[in-house]
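S.K.: Shown below is the structure under consideration.
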Amino acid sequence: MNTNPQIFKPEYTPEVQRITEPVYERLRDIIPDIEWAVHAPYIAAINKLKVEMNAVLLVHNYQTPEIFHGVADFVGDSLALARKATEVDAEVIVQCGVHFMAETTKILNPDKTVLIPDLQAGCSLAASITAEDVRGMRDRNPGIPVVSYVNTTAEVKAETDICCTSANAVEVVESLGTDKVIFTPDGYLARYVAANTDVNLIYWEGACEVHERFTGEELRDYRKNYPGIHVIAHPECPPDVLEEADFVGSTSGMIKHVGEVRPRQIIMITECSMSDNVAVEYPDVEFIRPCNLCPYMKTITLPKILDALRNKAYRVEIDPEIAARARGSVERMLEIGR
Ligand code: 13P
Ligand code: SF4
């Protein structure tokens, strides 16, 4: 593994300015001129290099606007990115998201080079449970199938019957046809699923460190300060937050909802960058932005993406036996809704 990638700093030239102008036209309301001069050379260099290398960039909805709008080949929530990972024809896939997403891509593409620009791009949910913990839950609840959120390591996926994302969790739980299911690792997503199904859930108490910080009281204050505001939230939030929301959905579900409803004012109860990314598409909607940053998502930057391509680092590798078992649980999920 290359742990010391070469640093390369491209320059802001008139040619770079010309090439990147169409992207900047869309982003000028959210990125100041002075900042654009820093981003633009990287955007031009990444877009050139990825074509030369036959590489594609899968970009999660929480990435910063210069990544999301500047260099992505595909954007989406975890489910959409996992599906896209099965369809891409490139030799190299760069995952601009967090490590569990890159692992899911590698699980589905064992013969491709899958890169993550920073190995520190973790996730508090994925870190909250181990394969041994899952085996323990199975031992304590014999015969009960295990559903794991994709926000888990490959080792945990390998101990899982079927994965789910926030976009399909209820559907996946109900697909098993049992009256009880073990659900890991997000305790709040589990409560949301339990409130929307008759299936009984035995769940793990992991949490997303970004979404668990929101409170119902905070949302009630927003409603007081912005009368008539539309409130939408991610199901990783605590139940008192979801009770205050007009809509609950995955990151892509929330984006779609904005397009359908086109409220005058909206607050998205999720990671900050999403509002910036969506605001670009809907200038008629005013976004009130609570700012809870995901520190792991934010480890991915344009310079690190360029280094990842130039150095083909950091490669995501998974033990083949674990990957094969994990693939079963991811593929069973992808079959649902196909
Ligand atoms: P989505 O699948 O909704 O994109 O969520 C992923 C995630 O990590 C949310 O915190
Ligand atoms: Fe994990 Fe939460 Fe960050 Fe999503 S927002 S990657 S769940 S820590």
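The values are calculated or read from the model by the stated rules, or taken from the named source; none is laboratory data. Because the structure is a prediction, the values reported are computed rather than measured. Here the Cβ positions follow ideal geometry from the backbone for every residue, glycine too, while neighbour counts run over all protein chains shown.
S.K.: Collect the residues in the range 95-132 that are within 22 Å of A324 (Cα to Cα), in contact with a strand residue (DSSP E or B) (Cβ under 7 Å, 6 or more places away or on another chain) and within 13 Å of ligand 2 (Cβ to nearest atom), keeping them in residue-number order.
M.R.: Q95, M101, A102, I116, I129 - these are the residues of the range 95-132 that are within 22 Å of A324 (Cα to Cα), in contact with a strand residue (DSSP E or B) (Cβ under 7 Å, 6 or more places away or on another chain) and within 13 Å of ligand 2 (Cβ to nearest atom).
S.K.: Which of the numbered conditions does A233 fail, given that it passes all the others? Conditions: (1) away from ligand 1 (no atom under 16 Å from the Cβ); (2) within 19 Å of E286 (Cβ to Cβ).
M.R.: Result: A233 fails condition (1) only.
S.K.: Hey, could you check the range 224-239 for residues that are within 16 Å of ligand 2 (Cβ to nearest atom) and in a loop (DSSP other than H, G, I, E, B) and say which is farthest from A169 (Cα to Cα)?
M.R.: This residue is P238.
S.K.: How many residues does the range 1-31 contain that are modelled with pLDDT of 95 or more, under 27 Å from the mean Cα position of the chain (by Cα) and loosely packed, with under 12 Cβ neighbours inside 10 Å?
M.R.: Number of matching residues: 2.
S.K.: On to the next question. Please return the ranges of helices (runs of 4 or more DSSP H) entirely within the range 240-338 where 2 or more residues are touching a residue at least 24 places away in the same chain (Cβ under 8 Å) and farther than 30 Å from A37 by Cβ.
M.R.: By residue number, 251-261, 320-335.
S.K.: Among the residues of the range 185-201, what is the count of those that are over 19 Å from T152 (Cβ atoms) and of a type in the set (S, T, Y)?
M.R.: Final tally of qualifying residues: 1.
S.K.: Keeping to the range 47-68, report how many residues are away from ligand 2 (no atom under 16 Å from the Cβ) and either on the phi < 0 side of the Ramachandran plot or of a type in the set (A, V, I, L, M) (or both).
M.R.: The total comes to 12.
S.K.: Could you please tell me which pairs satisfy a Cβ distance under 7 Å, a separation of 6+ or placement on different chains, a first residue in the range 68-81 that is within 19 Å of V330 (Cα to Cα), and a second residue that is among the charged types (D, E, K, R)?
M.R.: So the pair list comes out as G76/K84.
S.K.: I need the full set of residues from the range 66-79 which are away from ligand 1 (no atom under 16 Å from the Cβ), farther than 18 Å from D307 by Cβ and either crowded, with 22+ Cβ neighbours inside 10 Å or over 17 Å from the mean Cα position of the chain (by Cα) (or both), in order please.
M.R.: Result: H69, single match.
S.K.: Residues in the range 248-276 that are in contact with a helix residue (DSSP H, G or I) (Cβ under 9 Å, 6 or more places away or on another chain), away from ligand 1 (no atom under 12 Å from the Cβ) and not hydrophobic (A, V, I, L, M, F, W, C): how many?
M.R.: So the count comes out to 2.
S.K.: Being away from ligand 1 (no atom under 13 Å from the Cβ), buried (at least 22 other Cβ atoms within 10 Å of the Cβ) and either over 11 Å from V56 (Cα atoms) or of a type outside the set (G, A, S) (or both) is the requirement here; does V94 meet it?
M.R.: When the stated conditions are applied, V94 passes them.
S.K.: Still on this model: Looking only at the range 248-268, count every residue that is more than 17 Å from A194 (Cα to Cα) and crowded, with 16+ Cβ neighbours inside 10 Å and tell me the total.
M.R.: So the count comes out to 11.
S.K.: Now a separate question. Test T299 against the criterion of being modelled with pLDDT of 95 or more, of a type in the set (S, T, N, Q), under 21 Å from the mean Cα position of the chain (by Cα) and more than 23 Å from G228 (Cα to Cα), and give yes or no.
M.R.: Spelling it out, T299 is indeed modelled with pLDDT of 95 or more, of a type in the set (S, T, N, Q), under 21 Å from the mean Cα position of the chain (by Cα) and more than 23 Å from G228 (Cα to Cα).
S.K.: Do you know which of the residues in the range 17-33 that are hydrophobic (A, V, I, L, M, F, W, C) and out of contact with any Gly (no Cβ under 6 Å at 6 or more places or on another chain) is nearest to K48 (Cα to Cα)?
M.R.: Of everything passing the filter in the range 17-33, I19 is nearest to K48 (Cα to Cα).
S.K.: Being over 17 Å from the mean Cα position of the chain (by Cα), modelled with pLDDT of 95 or more and closer than 30 Å to L108 by Cα is the requirement here; does L293 meet it?
M.R.: The answer is no for L293.
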